[in-house]
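S.K.: Structure provided below as C-alpha cells; questions to follow.
The values are calculated or read from the model by the stated rules, or taken from the named source; none is laboratory data. Values in this document were obtained by computation on a predicted structure and should not be read as measured data. Methodologically, a virtual Cβ is constructed for each residue, glycine included, from the backbone with ideal geometry; neighbour enumeration extends over all protein chains shown. Note: accessible area is taken over every heavy atom of the protein model, side chains too, but ligands, DNA and RNA are not part of it. Shrake-Rupley method; radii C 1.70, N 1.55, O 1.52, S 1.80 Å.
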Amino acid sequence: MRPLIATIYLDRLRHNYLLARRLHGGRALAALKADAYGHGAVVCAKALESVADGFAVACLEEALELREAGIRLPILLLEGVFDADELAAVDAHDLWMVVQNASQLALLEASTPKRPYGVWLKLDSGMHRVGFSPEEYAGVYARLVASGKVMDIVRMTHFARADEPGKPATASQIEVFDAACRGLPGEASLANSAAILLHPTAHRDWGRPGIMVYGASPLEAGHPAAAELQAVMTLKSRIFGVRDLPAGEAIGYGGTFVTERQTRVGLVACGYADGYPRLASSGTPVAVDGRRTRVIGRVSMDMMTVDLTDLPQSGLGSEVELWGDIVNVNEVAAQAGTIGYEILCNVKRAHRQIIG
Ligand SMILES: *Cc1c(COP(=O)(O)O)cnc(C)c1O
C-alpha cells in the first residue's frame, strides 16, 4: 500500500467543537461542507452526533449524504435551494435552509410544503456576496411570516473580515445587522470561527464554527483559545528513496533548488495530485521522524523531495508528517500563498484512517 495516510482523530474533533461552542455560548452548528473540510462528512457527523446541536453544509447533495447515512440532527443548507425540486427535497428530508435572494423567496412562497420550513434569513451586512439588503430585510421577513409556510426564522449574516483583529469592518457589520433587525423577533446567528475567537459582540443564539472544529486557526496571529485547538487531520507518508548529492546539483522539475552543500535527499510519496500544494516551494516545513526539516525542489504530481542532511538517523521508511501535530497546516498554506481551509479541502487519493 502506498504509505500516504490522512489520519482523522475524532476525539479531537469533539474537543474542538465543544471548545467552539463554549467560547460562543448558546448553540452551534458545525460546518461540515466540502466533505467536512476534507475530513469526511459522514464520519465527522457521526462523531459529533451525540454532542452537536446541528450541522451546516453548502448544498442539498451534501445534506442528503448525511441523511442517507442516518444523521437525524438539524442540517442547514448555507446556500439555500437552487430550484423547486430542491425545495421539495428540503421538505421531504426535514432540512433547514438559508433564504438569501428574491428567487428563493418566490420559490418558497409558491410551494406547498407538508410542514413549515426552518428558515435562516440572510442579511447582507457588508460582505456583498449574498443576502438581502438592510433596506429590504424587514419586508422579506414580513413576507416569510405572511406566507404561513415558515416555522422559525433565524436572522443571520456572515462576516468578510472577522479574522482581522482591531479593524472596524466587523463591528460595522454587527451595527448594520442590529439596525436592520430592530424589532424583529427570533434567534440570530452571526459568528464563524474567527468571530467566535475575536468578536464576543457577535455571539448570539447560534455559532457556526467551521475551520476551528478541525483544529486549524482562522487567525494569522496567535490567540490563547486558538492554542487549545487540536489538529484533527494528520497527513503522513514515508521516505521511499534516498540519495546523496554533492553541492551544486539541481533537484526536480525546473531545477529550482540547487544544493548548497553535500545534501542527503529523501523522496516522499506525496505530491500535488494528493492535494499537497505545488506552490509550497523549497523551505516549506515537513517533519521526518518527528523532527522538522524542509521541502527542497518543486513538488511533483506523486512525490516530493525533502532535506535529510541534518537527520542522519532518518532514511528509507522514515515517517514524514506533511502537516498535523508538528507542522501546522497553516504553515504549509502560508508557503503556498493560501489558507489552511484550501489545503485541507484539497486532500485526495490519500488513504484515510479513522481513530476514536
Ligand atoms: C463556511 C461557513 C461558516 C464556517 O466558517 P469558518 O470560517 O470555517 O468557521 C460559517 N458560516 C457560513 C455562512 C459559512 O459559509
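S.K.: Kindly list the number of the only condition in (1) within 15 Å of the ligand (Cβ to nearest atom); (2) on the phi < 0 side of the Ramachandran plot; (3) touching a residue at least 12 places away in the same chain (Cβ under 8 Å) that fails for GLU164.
M.R.: The one condition GLU164 does not meet is (3).
S.K.: When only residues in the range 321-346 that are among the hydrophobic types (A, V, I, L, M, F, W, C), within 16 Å of the ligand (Cβ to nearest atom) and open to solvent by less than 70 Å² (accessible area, probe 1.4 Å) count, which is farthest from THR305 (Cα to Cα)?
M.R.: Once the filter is applied, the top-ranked residue is CYS345.
S.K.: Tell me, please, whether a residue that is among the acidic types (Asp, Glu), on the phi > 0 side of the Ramachandran plot and more than 16 Å from the ligand (Cβ to nearest atom) can be found in the range 47-66.
M.R.: The answer is no, given that none of the residues of the range 47-66 is among the acidic types (Asp, Glu), on the phi > 0 side of the Ramachandran plot and more than 16 Å from the ligand (Cβ to nearest atom).
S.K.: Every residue in the range 100-138 that is among the small types (Gly, Ala, Ser) and under 21 Å from LEU190 (Cβ atoms), please. Reasoning before the result, please.
M.R.: Here is the first cut: in the range 100-138, the residues among the small types (Gly, Ala, Ser) are 102-103, 106, 110-111, 118, 125-126, 131, 133, 138.
Once the filter is applied, which keeps residues that are among the small types (Gly, Ala, Ser) and under 21 Å from LEU190 (Cβ atoms), the range 100-138 yields GLY118, SER125, GLY126, GLY131, SER133, ALA138.
S.K.: Next question. Within the range 124-132, can one find any residue that is within 27 Å of PRO74 (Cα to Cα), within 15 Å of the ligand (Cβ to nearest atom), hydroxyl-bearing (Ser, Thr, Tyr) and open to solvent by less than 50 Å² (accessible area, probe 1.4 Å)?
M.R.: Scanning the range 124-132, I find at least one residue that is within 27 Å of PRO74 (Cα to Cα), within 15 Å of the ligand (Cβ to nearest atom), hydroxyl-bearing (Ser, Thr, Tyr) and open to solvent by less than 50 Å² (accessible area, probe 1.4 Å), so the answer is yes.
S.K.: Another question about this same structure. Which of the residues that make up the range 167-192 are out of contact with any Lys or Arg (no Cβ under 8 Å at 6 or more places or on another chain) and either open to solvent by 40 Å² or more (accessible area, probe 1.4 Å) or free of Cβ contacts under 8 Å to residues at least 12 places away in the same chain (or both)?
M.R.: PRO168, ALA171, SER172, GLU175, VAL176, ASP178, ALA179, ARG182, GLY183, PRO185
S.K.: For the range 142-157, which positions are in contact (Cβ under 8 Å) with a residue 40 or more places away in the chain and either within 16 Å of the ligand (Cβ to nearest atom) or open to solvent by 20 Å² or more (accessible area, probe 1.4 Å) (or both)?
M.R.: LYS149, VAL150, VAL154, MET156
S.K.: When you scan the range 1-14, how many residues do you find that are surrounded by fewer than 19 Cβ atoms within 10 Å (Cβ to Cβ) and in a helix (DSSP H, G or I)?
M.R.: Here the count works out to 2.
S.K.: I need the full set of residues from the range 98-123 which are out of contact with any strand residue (DSSP E or B) (no Cβ under 7 Å at 6 or more places or on another chain) and away from the ligand (no atom under 16 Å from the Cβ), in order please. First the steps, then the outcome.
M.R.: Initial filter on the range 98-123 (out of contact with any strand residue (DSSP E or B) (no Cβ under 7 Å at 6 or more places or on another chain)): 101-104, 106-107, 109-115.
Listed by number, the residues that qualify are ALA102, SER103, ALA106, LEU107, GLU109, ALA110, SER111, THR112, PRO113, LYS114, ARG115.
S.K.: Ok, one more. Of all residues being within 10 Å of the ligand (Cβ to nearest atom) and in contact (Cβ under 8 Å) with a residue 60 or more places away in the chain in the range 193-205, which is surrounded by the fewest Cβ atoms within 10 Å (Cβ to Cβ)? Just the residue, please.
M.R.: Selected residue: LEU197.
S.K.: Which pairs do you get when a residue that is within 21 Å of VAL268 (Cβ to Cβ), found in the range 341-356, comes within reach of a residue that is hydroxyl-bearing (Ser, Thr, Tyr) and in a helix (DSSP H, G or I), reach meaning Cβ atoms under 8 angstrom, with the pair 6+ apart or on two chains?
M.R.: LEU344/TYR37; LEU344/TYR214
S.K.: Give, as residue ranges, the strands (runs of 3 or more DSSP E) completely inside the range 15-115 that count at least 1 residues that are open to solvent by 30 Å² or more (accessible area, probe 1.4 Å) and either in the same structural domain as PRO134 (by TED's automatic domain parsing) or within 28 Å of ASN346 (Cα to Cα) (or both).
M.R.: Answer list for the range 15-115: 27-31, 96-99.
S.K.: Separate question: From the list ARG161, ARG143, which one is of a type in the set (Lys, Arg), more than 29 Å from the chain's Cα centre (by Cα) and at pLDDT 95 or above?
M.R.: When all the criteria are applied, what remains is ARG143.
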